[in-house]
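Structure record follows, encoded as structure tokens.
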Amino acid sequence: MYRAIDIETENTGIDIMKDNKRIISVQIGDDSKQNLYWADSPSSGWNLKSAKEEIASLLAQGTIFTGYNIKGFDIPLLKQFLDIEIPNSNWLDICQTPEMAKFHQTNKDWTLECACGEWLVDATHKQKMNAKAEKYKTRQDIIEKAKIGAVAINKTMTWLTPSEAYSKALKKLAGGIAVYDSYLEFVESGGQKNTIFYEYAIGDVISEYQLLKALGY
């Protein structure tokens with residue numbers, strides 16, 4: 001039995017791993033049913049403790065958790081912030097499947113959207129958040145942070161041009177802030193499902209599960 005698992009974090013920096021301050025939500029499900037647990041939920045049934053309980057229950061049933069780059073992102077951060085251990089035998093990273101490895105040999109765009117496009121899986125849930133992030137790219141404070149971030153990126157990714165490092169920093173900053181601000185709006189709404197954050201977070205679970213099915217699993 002497969003279940004997609006995905007997390008969102010509070011990260012308004014340039015480093016996808018080191019700048020995470022906390023997990024703000026955990027999403028679990030397939031393409032028919034999904035649950036979203038969030039850090040500031042006023043309901044004990046939807047807080048992160050309940051996410052831990054569902055994960056433990058699913059592991060006891062032999063569930064295999066899947067997702068896009070869960071080995072490099074979701075699994076280590078679940079361990080770091082929530083002390084959730086998902087054994088190696090209970091996860092399957094879509095990025096590490098033979099089909100996806102072959103695809104990445106000829107396509108260097110590693111985004112979920114690109115992979116979904118190749119296998120005709122709907123990922124339009126990303127559009128509203130992407131549009132929000134684009135607007136943040138024009139904010140002067142974010143532009144200045146991106147300039148500083150680009151210098152740091154070039155110290156480790158020396159093969160990038162200064163322009164490429166700046167674009168990378170700007171994309172990460174704008175995207176992270178857009179997600180976190182959308183989360184705060186979601187919290188303010190009391191957890192409404194018609195918010196950008198909810199649609200974005202749950203949409204990833206659905207797309208990842210459908211992508212796994214499209215790959216033949």
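Brief remarks follow.
- Global geometry of the stretch 1-111, whether rounded, prolate or oblate, following the gyration tensor of its Cα atoms and the 1.5 cut on a/c: oblate
- Rounded to the nearest 500, the helix-only mean residue ellipticity at 222 nm of the chain stands at -16500 deg cm²/dmol, with each DSSP H run of n ≥ 4 adding -39,500 (n - 2.57).
- Shape of the stretch 67-129, Cα gyration tensor, a/c cut at 1.5: oblate
- Rounded if a/c under 1.5, otherwise prolate or oblate - the chain, Cα gyration tensor axes: oblate
- Loop-located chymotrypsin sites (Phe, Trp or Tyr not before Pro) across the stretch 102-163 with a Cβ neighbour count of 11 or fewer within 10 Å are Trp159, with loop assigned by DSSP.
- For Asp40, net neighbour charge (Lys/Arg +1, Asp/Glu -1) across residues whose Cβ lies under 13 Å away: -2
- The simple spin-label model puts a point 7 Å past each Cα toward its Cβ; for Lys147 and Ala214 those points are separated by 4.0 nm.
- Once the trypsin sites (Lys or Arg not before Pro) in DSSP loops with at most 12 neighbouring Cβ atoms within 10 Å are cut out of the chain, the longest remaining piece is 109-192.
- Distance from the C-alpha centroid of the stretch 1-62 to that of the stretch 164-217: 13 Å, rounded to the whole angstrom.
Since every read-out is calculated from the coordinates, none of them should be taken as a lab result. Source: prediction; values computed, not measured. So basically every Cβ, Gly included, is an ideal-geometry build from the backbone, and we count neighbours across all protein chains shown.
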